[in-house]
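The values are calculated or read from the model by the stated rules, or taken from the named source; none is laboratory data. Model, not experiment: these values are computed from the prediction. Positions of Cβ are generated from backbone atoms using ideal geometry, with glycine treated the same way; all protein chains shown enter the neighbour counts. Heavy atoms of the whole protein, side chains included, go into the accessibility calculation; ligands, DNA and RNA do not. Shrake-Rupley method; radii C 1.70, N 1.55, O 1.52, S 1.80 Å.
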Amino acid sequence: DRYRAEPFVYPEYVRGAGRDFFGRGGHTWLTGTAPTVFRSLTERVIGIRATWEGLAVDPCPDPSWKVFSLVREFRGAVYRVRFCNPEGVQCGVRAVKMNGTAIEAGTGRDVVLPLLGRGEEADFEVVMG
């Protein structure tokens, strides 16, 4: 249950008793755990994933997450996305704002942020509900 390695990856092995550096995990970045967890969190929990049409938004966090955010570079542009979950729902989008102005990006679980041009940056607010 306890070993010495980065806390966000799973080691291929942990050195046993009688070995040099007992308890140290080895080959931590070779198992695929870190990228799998990262992708699961960003695409399925926070809910930002790349599609041909643009960045799809489908957040499914723990209902206790009232505010959370993500910065995502996509096709040479920077998307700063802040999520507000005032009612503590587990999924669904009620409204989207871009740079403070309400936009039509879809609702429910069919939301796609507008494509930005290369070098552009924008702030998005996604209200769940």
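When the strands (runs of 3 or more DSSP E) confined to the range 1-114 are screened for residues that are in contact (Cβ under 8 Å) with a residue 24 or more places away in the chain and surrounded by 12 or more Cβ atoms within 10 Å (Cβ to Cβ), those reaching at least 2 such residues are found at 48-50, 55-57, 67-74, 77-84, 93-98. For the range 112-129, the set of residues classified as touching a Gly at 6+ places or on another chain (Cβ under 9 Å) and within 16 Å of residue 69 (Cβ to Cβ) consists of 113, 123, 125, 126, 128, listed by residue number.
When the range 115-124 is filtered for residues that are in a strand (DSSP E or B), open to solvent by less than 60 Å² (accessible area, probe 1.4 Å) and more than 11 Å from residue 57 (Cβ to Cβ), only 122 remains. Note on the range 103-129: residues that are more than 17 Å from residue 79 (Cβ to Cβ) and of a type in the set (Gly, Ala, Ser) total 2.
Can you pull out the residues in the range 93-129 that are touching a Lys or Arg at 6+ places or on another chain (Cβ under 6 Å) and at pLDDT below 95?
Kept after step one, since they are touching a Lys or Arg at 6+ places or on another chain (Cβ under 6 Å), are these residues of the range 93-129: 123, 125, 127, 129.
Answer for the range 93-129, where residues must be touching a Lys or Arg at 6+ places or on another chain (Cβ under 6 Å) and at pLDDT below 95: just 129.
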